[in-house]
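K.L.:
Just passing along the structure, written as structure tokens.
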Amino acid sequence: MMNPLLHMAVGTRSSKKLEFLHAVLEQLDVTAVLYPLNVSSGVSEQPLTSLETKKGSLNRAKHALQAEYRASCAIGIEIGYERDSQGRYSILCWASITDRQGRQVSAQSQPFLLPVYHHNILTKDLPLGQFVDDYVRLSAPHRQQQYLAKMIRDRGPFIRQAIEAALLQYVNYGQFFDN
């Protein structure tokens, strides 16, 4: 496969999401010119279903593509949460790519069950982001808990997994979908 050059609008200016996107592009040997933009997800600040999270990623991609005339495609990345049949929350990420030819690809990370600490915050309908650093501090003496706390705070594994799956499907579109 040749190394494609993408002119990609990115539906975020989040430094962490951009860092993870750059890492995945490099890992997959995809060269891209990125145009980060602040765009609306059109969903709640803290999506609480996979469906709402996916919709947010699609909206971000569509809005970014509309806003950036130099881009031939756009990616939207959205983190969210979802309750399982037992009422426990998991964290997950959706990444969606859309282009000017009308092609659209979406991919979800593997959901990851959250500790009770995080579950209790989400159950109270509080913004989880305001409490993740507290969990990092509480986990300080325990190496595995510290790793878990940082993973949930930075959301890296989930973001990278969703971006990687979406990008692989997009740059190899004909192997997955009809052109």
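K.L.:
Is one or more of the residues making up the stretch 157-179 in contact with a strand residue (DSSP E or B) (Cβ under 7 Å, 6 or more places away or on another chain), β-branched (Val, Ile, Thr) and on the phi < 0 side of the Ramachandran plot?
P.N.:
Scanning the stretch 157-179, I find at least one residue that is in contact with a strand residue (DSSP E or B) (Cβ under 7 Å, 6 or more places away or on another chain), β-branched (Val, Ile, Thr) and on the phi < 0 side of the Ramachandran plot, so the answer is yes.
K.L.:
While we're here: Please work out which residue is modelled with the lowest pLDDT, limiting yourself to the stretch 116-132 and to residues that are open to solvent by 40 Å² or more (accessible area, probe 1.4 Å) and touching a helix residue (DSSP H, G or I) at 6+ places or on another chain (Cβ under 7 Å).
P.N.:
PHE131
K.L.:
Moving on to the next point. In the stretch 6-33, what residues are among the β-branched types (Val, Ile, Thr) and surrounded by 14 or more Cβ atoms within 10 Å (Cβ to Cβ)? It would help to see each step written out before you state the result.
P.N.:
Of the residues in the stretch 6-33, the ones among the β-branched types (Val, Ile, Thr) are 10, 12, 24, 30-31, 33.
Matches in the stretch 6-33: VAL10, THR12, VAL24, VAL30.
K.L.:
So TYR35 ticks every box in (1) over 16 Å from TYR170 (Cβ atoms); (2) part of a helix (DSSP H, G or I); (3) in contact with a strand residue (DSSP E or B) (Cβ under 7 Å, 6 or more places away or on another chain) but one. Which box is left unticked?
P.N.:
(2)
K.L.:
I've got another one for you. Can you name the residue in the stretch 153-173 that is among the polar types (S, T, N, Q) and in a helix (DSSP H, G or I) and, of all such residues, is surrounded by the fewest Cβ atoms within 10 Å (Cβ to Cβ)? Break it down stepwise before answering.
P.N.:
Taking the stretch 153-173 first, the residues among the polar types (S, T, N, Q) are 161, 169, 172.
Cutting the leftovers down to in a helix (DSSP H, G or I) gives us 161, 169.
Values: GLN161: 20, GLN169: 17.
If we take residues in the stretch 153-173 being among the polar types (S, T, N, Q) and in a helix (DSSP H, G or I), then GLN169 is surrounded by the fewest Cβ atoms within 10 Å (Cβ to Cβ).
K.L.:
Looking at the structure I just gave you, is LEU148 touching a residue at least 24 places away in the same chain (Cβ under 8 Å) and buried (at least 19 other Cβ atoms within 10 Å of the Cβ)? Lay out the reasoning, then the answer.
P.N.:
Working: touching a residue at least 24 places away in the same chain (Cβ under 8 Å): yes; buried (at least 19 other Cβ atoms within 10 Å of the Cβ): no.
When the stated conditions are applied, LEU148 does not pass them.
K.L.:
Moving on to the next point. Does the stretch 22-32 hold any residues that are out of contact with any Leu (no Cβ under 7 Å at 6 or more places or on another chain) and either of a type in the set (Lys, Arg) or in a helix (DSSP H, G or I) (or both), and which are they?
P.N.:
Kept after step one, since they are out of contact with any Leu (no Cβ under 7 Å at 6 or more places or on another chain), are these residues of the stretch 22-32: 22-23, 25-27, 29.
HIS22, ALA23, LEU25, GLU26, GLN27 - these are the residues of the stretch 22-32 that are out of contact with any Leu (no Cβ under 7 Å at 6 or more places or on another chain) and either of a type in the set (Lys, Arg) or in a helix (DSSP H, G or I) (or both).
K.L.:
Scan LEU34, LEU21 and give me the residue that is within 17 Å of the chain's Cα centre (by Cα), in contact (Cβ under 8 Å) with a residue 12 or more places away in the chain and more than 14 Å from ALA95 (Cα to Cα).
P.N.:
On the way: LEU21 fails: more than 14 Å from ALA95 (Cα to Cα).
The match here is LEU34.
The values are calculated or read from the model by the stated rules, or taken from the named source; none is laboratory data. Bear in mind that the values here come from a model prediction, so they are computed numbers and not experimental data. Cβ atoms come from the backbone with ideal geometry, glycine included; neighbour counts cover every protein chain shown. Protein only, heavy atoms only, side chains kept; ligands, DNA and RNA dropped before computing areas. Shrake-Rupley method; radii C 1.70, N 1.55, O 1.52, S 1.80 Å.
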